[in-house]
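The values are calculated or read from the model by the stated rules, or taken from the named source; none is laboratory data. These figures come from a predicted structure and were not determined experimentally. Positions of Cβ are generated from backbone atoms using ideal geometry, with glycine treated the same way; all protein chains shown enter the neighbour counts.
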């Protein structure tokens, strides 16, 4: 596995997505329908995977808080 450190910009981008993927943000504190939450989750996870391709490796959320 490639353990190349993330650039500060990449780390910020991953952190922003991680925040948006939190349950309370993803569902707008339970205000959104399940289908809307699923739509948002798919879009955000696609963005996460695109960032991983740019980083050249998989990134675990726990890595962002070290």
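What to note about this one:
- Restricting the range 20-38 to residues that are part of a loop (DSSP other than H, G, I, E, B) and surrounded by 14 or more Cβ atoms within 10 Å (Cβ to Cβ) leaves a set whose member that is farthest from the chain's Cα centre (by Cα) is 32.
- Residue 17 being outside any loop (DSSP other than H, G, I, E, B), in contact with a helix residue (DSSP H, G or I) (Cβ under 6 Å, 6 or more places away or on another chain) and at pLDDT below 95: no
- Considering the range 39-48, the residues that are out of contact with any helix residue (DSSP H, G or I) (no Cβ under 8 Å at 6 or more places or on another chain) and surrounded by 12 or more Cβ atoms within 10 Å (Cβ to Cβ) include one that is nearest to residue 3 (Cα to Cα), namely 45.
- Just one of the numbered conditions (1) loosely packed, with under 13 Cβ neighbours inside 10 Å; (2) assigned to a loop (DSSP other than H, G, I, E, B) is not true of residue 12: (2).
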